[in-house]
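Below you'll find the structure, written out as structure tokens, and then a few comments.
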Amino acid sequence: MQVPLENDRREIKRRHLIFHLRVFDRITNEKLGHIVDISPEGMMLVSEEPIPVDQNFQLRMHLPNHEDAIEPHDFEARSCWSNNDINPMFYDTGFHVIQATSEHIQLVKRLVDDYGFRD
């Protein structure tokens, strides 16, 4: 169980995903990590390498659509914090989505409905 950070200022509760989605840097096409929890405003990634803090990233997720085809979803997010994961081989990084579009908000809701834990 993850302990909330003292300076955690998010207003919308993040949902933990059962299915860990990979996130890529859209510019370099390198895998940054896997989404562990998500909200329309942000997400936490677990990665094998540390991710620099206070940087904007052009990100991409490859998601199944309703016809089971894979479609890219691109968005911009800023890395806000980074810590060692409970497993010392990994790093946790929090991101804030920059100007979430209505498409992004609907996609996150769909991810939570399709793959997320329910309260």
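Readers should treat all values here as calculations from the given coordinates under stated rules, not as data from a laboratory. Everything quoted here is computed from the prediction, not taken from an experiment. Counting neighbours? That spans all protein chains shown, and the Cβs are built from the backbone with ideal geometry, glycine included.
Points worth noting:
- Close amide H partners of Leu21, meaning residues 5 or more places away or on another chain with modelled amide H under 5 Å apart, are Ile35.
- Distance (nanometres) between label positions extended 7 Å along Cα→Cβ at Glu76 and Asn56: 0.3
- Spin-label model distance (nm) - Asp68 vs Lys31, 7 Å beyond Cα toward Cβ: 2.3
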